[in-house]
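A short worksheet on the structure shown next.
The values are calculated or read from the model by the stated rules, or taken from the named source; none is laboratory data. Keep in mind it's a predicted model, so treat the numbers as computed, not measured. Heads up, the Cβs are rebuilt from the backbone with ideal geometry, glycines too, and the neighbour counts pull from every protein chain shown.
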Amino acid sequence: MEPVIYFKGDFRPEHEAIISVRSRGLNYGLGCFAGIRGYRSDDGSQLNLFRLDRHVRRLEAGAHILCLRLPGTVEEVSNIIIELLRRNGVRDDVYVRPIVFANSNELSPLLDPDTSETAIFCMPLGRYLSSEPIDVGVSSWRRVRENALPARAKATGGYLNSALARREAIDHGYTEAILLTEDGHVSEGSAEHVFIVRDGQLISPPSTEDNLDGITRQSLITLATEDLHIPFVERSIGRTELYVADEMFLCGTGAEITPVRSVDRRPIGGGRVGPVTRRLAAHFEAVVRGRVASRKDWLTPVWPEQGQ
Ligand SMILES: Cc1ncc(COP(=O)(O)O)c(C=O)c1O
């Protein structure tokens, strides 16, 4: 079956969802997007979107920053996403990508709500990074500053910064890059946030370190502190503090929780997955699969529940 895409205000077969090569969105990277995961429940009867409302609200905030416009309210866009998954008959783990972009074919780079276009597509997605602990390298590219290109907006053009860092990391034999801010603090990975553990305490840099206002990151902070009683502190991290961390992991919608084995070839925690990472990852998996009653309000079911 040909995938169904939401584009130009309607659901269409994929071959009809096309833009001009002249589009400003393509030529200048003028847009912002979201990435949302849906998880199949253990018995396979349901597909649950993880923190749908948060993701759509962040997309709306990104569009607001970039003077672009969503095709409806947060609730309306959420319902479009649910309807898209139903029309595609999705019941297995899925990734949903809504993108809002400037779709004028004029030459100049201009952000203009009246030429905003929204497309939403979905695809099956297993692990984004390896399920094994990964080797990362600190990038020679710096994270682009808030006042140059706001990470908060999750802007399409900003991913050139991520892609340069990732290219370099892969060329150097790493799986992923860690970007520092212009001031030399740890910012984030190319599409993941950074957590370290030192002396049993979880540490992660704030979003003022030029990283995205992360939904997985915030969720993990809540799960760690409220459910697992793991102490957490939000503060700047220097480059070499990564080298001496007891544990380190990356997180994000794509990456979920990905343990780090080494940074710049220095092994972290003996190169094994540490106890805090392991506990948090197990709890996160239980939450997204709908096994934790107190966190069910983080999940939006795609299919009508039985009896409804
Ligand atoms: C640059 C960047 N940092 C971090 C993340 C993780 O954020 P979230 O947990 O909200 O998906 C993403 C998105 O996946 C990202 O693109």
So Ser78, is it out of contact with any Phe, Trp or Tyr (no Cβ under 9 Å at 6 or more places or on another chain) and within 29 Å of Glu168 (Cα to Cα): no
Conditions (1) surrounded by fewer than 19 Cβ atoms within 10 Å (Cβ to Cβ); (2) within 30 Å of Leu179 (Cα to Cα); (3) touching a Phe, Trp or Tyr at 6+ places or on another chain (Cβ under 8 Å): number failed by Gly270: (3)
Check on Asp199, over 19 Å from the mean Cα position of the chain (by Cα), surrounded by 18 or more Cβ atoms within 10 Å (Cβ to Cβ) and more than 14 Å from the ligand (Cβ to nearest atom): no
Residues that are within 16 Å of the ligand (Cβ to nearest atom) and more than 19 Å from Thr253 (Cβ to Cβ), drawn from the range 32-82: Ile65, Leu66
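Rundown of residues vs (1) in a strand (DSSP E or B); (2) within 16 Å of the ligand (Cβ to nearest atom), yes/no style:
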| residue | (1), (2) |
| --- | --- |
| Ile221 | no, yes |
| Ile230 | no, no |
| Ser236 | no, no |
| Glu241 | no, no |
| Cys251 | yes, yes |
| Arg261 | yes, no |
All positions within the range 56-79 that are among the polar types (S, T, N, Q) and either part of a loop (DSSP other than H, G, I, E, B) or modelled with pLDDT under 95 (or both): Thr73
Residue within the range 202-223 that is among the hydroxyl-bearing types (Ser, Thr, Tyr), at pLDDT 95 or above and more than 20 Å from Lys154 (Cα to Cα) present: yes
Residue match in the range 148-165 (condition: under 15 Å from the mean Cα position of the chain (by Cα), in a strand (DSSP E or B) and either within 27 Å of His64 (Cα to Cα) or not assigned by TED's automatic domain parsing to the domain that holds Pro13 (or both)): yes
Pair list, Cβ under 9 Å, 6 or more apart: the range 196-208 residue over 17 Å from Ser262 (Cα atoms), other residue among the polar types (S, T, N, Q) and in a strand (DSSP E or B): Pro205/Ser187
Selection from the range 131-147 of residues that are within 19 Å of Leu66 (Cβ to Cβ) and either away from the ligand (no atom under 15 Å from the Cβ) or assigned to a strand (DSSP E or B) (or both): Asn147
Residue check, Glu209 under 21 Å from the mean Cα position of the chain (by Cα) and of a type in the set (Asp, Glu): yes
Residue in the range 20-36 that is outside the structural domain of Ala191 (by TED's automatic domain parsing), within 26 Å of Gln218 (Cα to Cα) and part of a helix (DSSP H, G or I) present: no
Residue check for Glu247: more than 16 Å from the ligand (Cβ to nearest atom), crowded, with 16+ Cβ neighbours inside 10 Å and farther than 20 Å from Gly35 by Cβ: yes
The range 175-187, residues that are under 15 Å from Gly238 (Cβ atoms), in a strand (DSSP E or B) and not polar (S, T, N, Q): Ile178, Leu179, Leu180, His185, Val186
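Yes or no, residue by residue, for (1) farther than 28 Å from Gly270 by Cβ; (2) modelled with pLDDT under 95:
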{"residue": "Glu132", "(1), (2)": "no, yes"}
{"residue": "Ser139", "(1), (2)": "no, no"}
{"residue": "Arg143", "(1), (2)": "yes, no"}
{"residue": "Gly157", "(1), (2)": "yes, no"}
{"residue": "Ala165", "(1), (2)": "no, no"}
{"residue": "Gly173", "(1), (2)": "no, no"}
Sole exception among (1) within 17 Å of the chain's Cα centre (by Cα); (2) farther than 21 Å from Val292 by Cα for Gly238, by number: (1)
Positions within the range 202-219 being away from the ligand (no atom under 13 Å from the Cβ) and over 22 Å from Arg145 (Cβ atoms), in sequence order: Leu202, Ile203
